[in-house]
Amino acid sequence: MGKLIVISAPSGAGKTSIVKHLLENMDVLSFSVSACSRDKRESEVDGKDYHFLGIEEFKKKIKEVAFLEWEEVYENQFYGTLKSELQRVWNEGKVVIFDVDVVGGLNIKKQYPKECLSLFIMPPSIDVLRKRLSGRGSESEEKLEMRLAKAEQEISKNQDFDKVILNDDFGIACEEIMKVITNFINT
């Protein structure tokens, strides 16, 4: 069994950008592609950004116990990690890195307490988070408020992670995370 790195954060805190940076700079890591029930955005690629399953297929895989973890984040909006992703990465001899929400990250850590390093990316503030999410232009005002309320709940769980990293300065945050991951992999 290999090692796992969980990167979790509220939506808009920068976890996806950080994970991309880590994958570009740490050859030992390989990305676990999450599954979701939502439609893909214009810029996204199926099987690369997510496995876009649709609601019915996602529910079918839940019944088949095909997920390491899954969650209904909003009504009929499911996200999860297929067990097959772990095996795929470990078969490559690499360390699995996850870009998952807070509940998903804690669920993975619970199942692999010794093999998993869980990192929480802390946004500088809720105001900065609001600006980042608004800047995407993909959210209605109602959805934006839902995401911000959820972000506040998620931030309250940061102490359950192995390490909290403030993403106030992207370069510094990435450097710190790379050091923490390297130490974990080498122990």
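Numbers below:
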quantity	calculated
Cα gyration tensor, the chain - rounded (a/c under 1.5), prolate or oblate	oblate
At least 20 Å along the helix axis (C-alpha) and Kyte average at least 0.5, DSSP helices within the chain	170-185
For a label point 7 Å along the Cα-to-beta-carbon line of ASN186, residues of the range 1-41 with backbone N under 20 Å	3-6, 22-30
Radius ratio Rg over Rh of the range 1-66, counting only Cα atoms, Kirkwood formula for Rh	1.00
Residue order, fewest to most beta carbons within 10 Å, for LYS61, LYS20	LYS20, LYS61
Residues LYS15, LYS179, sorted so that the one with the fewest Cβ neighbours within 10 Å comes first	LYS179, LYS15
Cα-centred dipole magnitude for the chain, charges only on beta-carbon of K, R (+1) and D, E (-1), debye, nearest 20	420 debye
Taking the chain and dividing mean pair separation by its residue count, relative contact order in percent (alpha carbons under 8 Å, at least six apart)	31 percent
Ranked list, fewest to most other Cβ atoms within 10 Å of each Cβ, for PHE120, PHE184	PHE184, PHE120
Cα centroid separation - the range 68-98 against the range 140-168, whole Å	20 Å
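Bear in mind these aren't lab numbers, they're just calculated from the coordinates by the rules spelled out. Note that the structure is predicted; figures quoted are calculated from it, not measured. Note that each Cβ is placed from the backbone with ideal geometry, even for glycine, and that neighbours are counted across all protein chains shown.
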